[in-house]
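See structure below.
The values are calculated or read from the model by the stated rules, or taken from the named source; none is laboratory data. Computed from a predicted model, the values in this text were never measured in an experiment. Using ideal geometry, Cβ is built from the backbone for each residue, glycine included, and neighbour counts are taken over all protein chains shown. Just the protein is used for accessible areas: all its heavy atoms, side chains included, with ligands, DNA and RNA removed. Shrake-Rupley method; radii C 1.70, N 1.55, O 1.52, S 1.80 Å.
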Amino acid sequence: MSLLRLNQVSKSFGADLLFENISFDINQNDKIALIGKNGTGKSTLFKIILNELSPDQGDVFVHGQTKIGYLSQNIIDNENNTLYEEVLSVFNNIIAIEKKMTLYQNKMKEDYTPELLERYSRIEEEFNHLGGYSYLVKIDTLLSHFGFSKDVYDRKISSFSGGEKTRIAFAKLLMVEPDILLLDEPTNHMDIEIIEWLEDYLKSYEKAVFVITHDKYFINKVCRKILEIDQRSLEVYHGNFDDYEVEKVKRYEKMLKLYEKQQKEIGHLQSFVDRFRYKAKKAKSAQDRIKKINRMDKIDKPTQSKAKVNIGFKSKRPTNIHIIELNNLSIGYEEPLLKSINFKMRGFEKVGIIGPNGSGKTTLIKTIMSIIPPIDGEIKFNKKLKIGYFDQNLQQFDKRKTLLETIHSIYPAKTLTEVRKDLAKVMFTQEDVYKNISVLSGGELVKLHLLFLMLEEPDLLILDEPTNHLDIDTKNVIEDVFEAYEGPMLFISHDRYFINKVASKIISIGERLEVYHGNYSDYIGDKVKKEINQSKSKVKSKKVKKISIEKEMEKIETSIVDLENKIEVQKQLLFEEEIYSNKNRYDKENNHLKELEKKLNEKYLELEKLMKKEY
C-alpha cells in the first residue's frame, strides 16, 4: 500500500533548477536509499515531503494518518530534561493509560463491580496493544545500543555533546516508530558497532525507511530500492548498491544504442530530404520524411558527468623498514585511554584505525604526531618523515579568505593560472575560485583539504575521517586515489567500503588494541577465526618460527638504516670542492657510493624474501 506519493514534482531556487517532474511512491515496508551528488537537491526533496518547502509544481500525497518521522535534534523537546525523562516522554500516552489502570485497580480493591472490571479490561487491552508491557525494556535496549549506559540516565540533555544529542534524537525517533522513517546521513559520526546494529534494526523494521546516504555498505545491507537524482531527473533502481552499479551501466549502454540507432535513421531520412526536396517528382516523398522526422520522440544523447576530482598523491620509494615504532606507549590526558601499546608500521603499509567513539583513535594519531604528549612509553621514527595530516574538524583555513587567496597565502610563487589549475582538480572552476572559505560545504572543505595534502607531497599521510561529507561519486574517486597511492598511510575511518578498498592492516581499538593484517573483510574473517581453538603445538611452532624470522628481519632493517645514512653522507661528500675538483678522488668516492647502493638493494631483497615467509 502506498503511504506517500510524489507526482511530477519540480523545484528551483532562482535560475538554478534542482530537479523536475519527479514521481515515485513510498510503500509500506519499503527500504529506499536516495543518492546523488552533493547539491542535486536530496535534502530539499526531504523538506518538500516534510512540508517545510513547497514544490514549484507537482503534488505530494500522504495517505490517511501516515506518520512521518525525521531525524533531527528538534526531536529533543527540552534540554533541561534528564536523558530518561526525555525518552520517557515518547510514551506519555501509555503512561497515562497505565495511571488509569492503577486507579481502576485501587477502586476494585475498595469496591469491586463487574462494570469496573469491564472498563479495566478495555483499558488494559489498549495498554497491551500500544506496547505498554514492553516500553521500559524498549527504552533500555535502544539507549544501550546507541551507547548510553544506565549510569547516564540522570544526566541533563544539555550536558551531552552534539554527537551524543544526535544519538539521543535517533533513539527517541526509533521509539516513536513512525510509518515512514526519513533519515539524512544516519551513519555520519557513528562508530562501526552502532552502525552494524542499526543496519540489522532497520532491515527488520516493519515500516518504511527512506534514507539519504553515501554509505555503500549501509545501502547494500538495508536497502532494496535506490532513487538517484542525476542531471535534474530521477531514476529508480531495484536492488542494493551492487545491483545499482551494474544496472546503471546497462541503462547507459542501452540508451546510447537507441540514440545512435535513431540518429542513424534520422540521418538516412534527412539525406533523402536534402537530395530530393526541390525535385518535383520526389518533393512529396521528401515532405513525408520531414513529417516523419518531426513526429519522432527524440532521444537525448545519454551523458555521464565529466566533472570529477582529479588528484593523485606522489610517493617516494616505498620502504619495507619499520618507519614508526610504538613501544609500551600509554596515551590519554589526565588518565590513560590506552596502555602498553606496541606496534610497528612499515613504509608501505596503509593502516586503518577502527573502534567506538571515545576509544582513543584520534588521541593515538595526535600522540604519534606529537600534538599530544604520551603519558608513558616511546614513539620512535626510524626515518625523518614529512607528515601530511587531515583533520576531520576542517578548521585549519581562514574563513575570511577566498579559495584563490588561501592557496596564494601558502604558495605565493604560483601564478594565477597554476592556482586555477590546482583548484580545478577538486572541481572548483570559473567563479568558484572567488568563494569565501566560510560559504563552503563540508564536502567542498574536504576536497580543498585533500588538494593541500597533495600539494604538500608528504612522506606519511595521517587522515582522520577523510570521506565524511563526500558524495558517492567523489568517494569512488578518493578510494581509487588512496588505493593507488604507494606510500604509507595511517587513517581513522568508519567508512567500511573505504577501509576495505584501501587498508592493508587494521588496528582495532576496544578494551585493548589489536592488530589485524589485511582489509576490513580480512578483519571480520580473522575475528571469526579467533573464536576457533587451534592446537597448542601448531600455535607454538608458528610462534617460534615467527620470532626467529622477526629477529632476522630486525637485523636487516638495522643494516638498511645504517646503509641509508652512509649513502646520504657519501652523496654530500661528492659535492665538496676538494672531491669534485680531483677526478681520481671523485671516481673513487663515486664507486664507493655505488657499492653502498648495491648493498642496500641486496638488503631490500633479503627483507622481501623474509616477509613472504612471515606472512
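Things to note:
- Among the GluC sites (Glu not before Pro) in the stretch 43-123, those located in a DSSP loop and surrounded by at most 16 other Cβ atoms within 10 Å of their own Cβ are GLU52, GLU79.
- For the stretch 173-184, the Karplus equation 6.51 cos²θ - 1.76 cosθ + 1.60, evaluated at θ = phi - 60°, returns couplings of 4, 5, 5, 5, 6, x, 5, 10, 9, 9, 10, 10 Hz by residue, with Gly and Pro reported as x.
- For THR319, nonlocal amide neighbours, meaning residues 5 or more places apart or on other chains whose placed amide H falls under 5 Å from its own, are GLY347, PHE348.
- The ellipsoid that matches the Cα gyration tensor of the chain has semi-axes, each √(5λ) in whole angstrom, of 52, 44, 23, with the longest given first.
- Cβ-Cβ FRET estimate between HIS517 and GLU235, R0 fixed at 45 Å, reported to 0.05: 0.65
- Judged by the ratio a/c of the largest to the smallest principal axis of the C-alpha gyration tensor, the stretch 1-83 counts as oblate, that ratio being 1.5 or greater while a/b is no larger than b/c.
- Separation in nanometres of the label points that stand 7 Å from Cα toward Cβ, at ASP59 and GLU378: 7.7 nm
- Where labels lie 7 Å past Cα in the beta-carbon direction, separation of ASP243 and ASP111 in nm: 6.4 nm
- Carbon-plus-sulfur accessible fraction, the stretch 240-290 (probe radius 1.4 Å, protein heavy atoms only): 52%.
- Cα gyration tensor shape for the stretch 320-361, rounded if a/c is under 1.5, else prolate or oblate: oblate
- Averaged per residue, the chain has 55 square angstrom of accessible surface, using a 1.4 angstrom probe with ligands and nucleic acids left out.
- A protection proxy built from the mean count of other Cβ atoms within 10 Å ranks the segments 136-149, 447-460, most packed first, as 447-460, 136-149.
- Around the Cα centre of the stretch 33-191, unit charges on the Cβ atoms of Lys, Arg, Asp and Glu (plus for the first two, minus for the last two) sum to a dipole of about 220 debye.
- Mean residue ellipticity at 222 nm, helices only, the chain: -15000 deg cm²/dmol; runs of at least 4 DSSP H residues each add -39,500 (n - 2.57), and the sum is divided by the number of residues.
- Theoretical FRET efficiency, 1/(1+(r/R0)^6), r = Cβ-Cβ of VAL569 and SER409, R0 22 Å, to 0.05: 0.05
- Distance violations [Cα-Cα > 31 Å] among LYS425/LYS566; LYS207/LYS257; LYS350/LYS447; LYS366/LYS571; LYS414/LYS501; LYS47/LYS150: LYS425/LYS566; LYS207/LYS257; LYS366/LYS571; LYS414/LYS501; LYS47/LYS150
- With all protein chains in place and a 1.4 Å probe, the accessible surface of the stretch 157-238 carries 44 percent carbon and sulfur.
- For ILE547 and LYS599, the FRET efficiency from 1/(1 + (r/R0)^6), where r spans their Cβ atoms and R0 equals 22 Å, is about 0.25.
- Peptides 35-48, 471-484, ordered by how many other C-beta atoms sit within 10 Å of their residues on average, highest first, read 35-48, 471-484.
- Rg and Dmax of the stretch 17-57, Cα atoms only, in Å: 11.0, 32
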